[in-house]
Amino acid sequence: MIGSVRGSGGPSRLRPLLFLGPALMVSVGYMDPGNWATDLEGGSRFGYQLLWVLVVSNFIALFLQHLSARLGIVTGLDLAQACRAAYPPRIVFTLWVLCQIAIIACDLAEVIGSAVALNLLFGIPILAGAMITALDVFLVLLLQRHGMQRLEAIVAVLILTIAGCLALELWYAQPEWRELSRGLVPRVTPESLYIAVAMLGATVMPHNLYLHSSLVKTRAVKSSTPARRLALRRSLIGTVLALNLALLINASILIVAADVFHTAGAVVNDLREAHALLVPLLGTTVASTLFAIALLCAGQSATMTGTMAGQIVMSGFLGLEFSPATVRLATRLLAVAPAVIVSVAGESSTVALLVATQVVLSLQLPFAIVPLLKLTGSRAWMGDMVTGGTTRVTGSAVALMVIGVNAWLVAQTLGLFDASAAGDGFALWQIVGGGVASLATALLLYLVWTPMRPPHPGSAQSQSASVNDRPLINGELHSN
């Protein structure tokens, strides 16, 4: 698939959209059932108050996804492959474990969301729906065999379906557009911090950074500097279009939740509860049907990109070429287990569970951001395509913001801000949590301060030139 899509074959007016396909594949992760849960709870509990979080998170996602694409286009390596070359084996294995946790958390959101949608549309029990969703990995793997552009086209259709359904939901909800500006004023309270962090994790997903750096390699790019700069501009156009569409979809969910549920004083704790409440509150059954269709499309489109991310991470970090079906089924089965627990427990808290998975994504995010910033800011790796000073400063600010918000949530969760609780001593779970947080902090400091290995063999320039001049198959260079 490497270099399989060329920019010279289509109409000239469409060539600037050459990289829109990879960007669309990445964007579906920003509108999966986990996003639905965070947007529904954020809107139903706090109205428009957290709308600004979506806007800021989208800016962070745009910035980081463009850097991810830059790494793939310039070096010919995805982020996982580059980390394996730049860090010692123990660190590489740790980063893989952390990324795998994020993928499992995302899988869980997809499984639960799709299972709920199947239940709403066809009356299939949650447990059976979870099993069906776990097996749809084979459909994804089958579609991959027919070429990347066909898979991208299917994802585009699913995205347009989601957008169309939510546009109709907005029309039924009749939001107060003048009030939306208040939601763009940054403010976070201790009560809304957890949801704000979950919205950040749902929007800026760590494994999407690995995915994007790999997907751009499907586009054939010549090794010359002008050709790469043109590819970067086209990639930026595709990323801006796709991620802003994802922003509009997420904002639509939050706005509908604010206008329909928050106005009525109803806090949504379950996706099926949201579906049921839409009928009496909006006065039409069409709204609830559209909700279920859009949710199913969101879950299935995210499944496709999740399948590819799992393959890329496993191969890139560990250099192991397991069967894609084996890799994906293993992660899917790990995600199905909590879905079964939810089914047995009464299926009444799907939103809370999905929000928790997005918090996990946010906590994993710094361990992908720091290596990405260091790699793209290294002249040894990027040659004359290294990021400039403004980009490096912006990247540092983004990393500090994400780390700071996560640290705030961890400290609040552990009760470090509660003087009365601290006076009574710490419980075992607080001690364990503090230990895990200390280890995570130590790993982050290591990633920040320890110099990376230079690319081997030769400089980044010579390496990336050789990769772009010849096809890259299964991580090995082959002559034409």
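Here is a yes/no grid of residues against (1) of a type outside the set (Phe, Trp, Tyr); (2) at pLDDT 85 or above; (3) surrounded by 13 or more Cβ atoms within 10 Å (Cβ to Cβ); (4) more than 18 Å from Leu248 (Cα to Cα):
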{"site": "Gln144", "(1), (2), (3), (4)": "yes, no, yes, yes"}
{"site": "Ile154", "(1), (2), (3), (4)": "yes, no, yes, yes"}
{"site": "Ala163", "(1), (2), (3), (4)": "yes, yes, yes, no"}
{"site": "Trp177", "(1), (2), (3), (4)": "no, no, no, no"}
{"site": "Gly183", "(1), (2), (3), (4)": "yes, yes, yes, no"}
{"site": "Leu193", "(1), (2), (3), (4)": "yes, yes, yes, yes"}
{"site": "Val197", "(1), (2), (3), (4)": "yes, yes, yes, yes"}
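With over 21 Å from the mean Cα position of the chain (by Cα) and hydroxyl-bearing (Ser, Thr, Tyr) as the only criterion, which of Ser213, Ser235, Ser223 stands out? It would help to see each step written out before you state the result.
Working: Ser213 fails: over 21 Å from the mean Cα position of the chain (by Cα); Ser235 fails: over 21 Å from the mean Cα position of the chain (by Cα).
Testing whether each residue is over 21 Å from the mean Cα position of the chain (by Cα) and hydroxyl-bearing (Ser, Thr, Tyr) leaves just Ser223.
The number of residues in the stretch 279-320 being at pLDDT below 75, of a type outside the set (Gly, Ala, Ser) and more than 24 Å from the chain's Cα centre (by Cα) comes to 6. Restrict the check to the stretch 284-304 and report whether at least one residue is crowded, with 22+ Cβ neighbours inside 10 Å, of a type in the set (Val, Ile, Thr) and in contact (Cβ under 8 Å) with a residue 12 or more places away in the chain. Yes - at least one qualifying residue is present in the stretch 284-304. Can you tell me which residue among Arg379, Arg392 is closer than 15 Å to Ala82 by Cβ, surrounded by fewer than 17 Cβ atoms within 10 Å (Cβ to Cβ) and modelled with pLDDT of 85 or more? None of the other options fit; the residue is Arg379.
Suppose the filter is in contact with a Pro (Cβ under 9 Å, 6 or more places away or on another chain), more than 17 Å from Gln65 (Cα to Cα), at pLDDT 80 or above and crowded, with 24+ Cβ neighbours inside 10 Å; does Ile255 pass it? Break it down into steps so the answer makes sense when it comes.
Numbers: in contact with a Pro (Cβ under 9 Å, 6 or more places away or on another chain): yes; more than 17 Å from Gln65 (Cα to Cα): yes; at pLDDT 80 or above: yes; crowded, with 24+ Cβ neighbours inside 10 Å: yes.
Taking the combined requirement at face value, the residue satisfies it.
If you filter the stretch 199-239 down to residues that are among the basic types (Lys, Arg) and not in a helix (DSSP H, G or I), you find that the one that is surrounded by the fewest Cβ atoms within 10 Å (Cβ to Cβ) is Lys222. Taking first residues from the stretch 391-414 that are at negative phi and partners that are not in a helix (DSSP H, G or I), the Cβ contacts under 6 Å between residues at least 6 apart in sequence or on separate chains come to Arg392/Gly377; Val402/Leu365.
The values are calculated or read from the model by the stated rules, or taken from the named source; none is laboratory data. Here the structure is a predicted model, which is why all the values come from computation and not from measurement. Don't worry about glycine lacking a Cβ; one is built from the backbone with ideal geometry, like all the others, and counts go over all protein chains shown.
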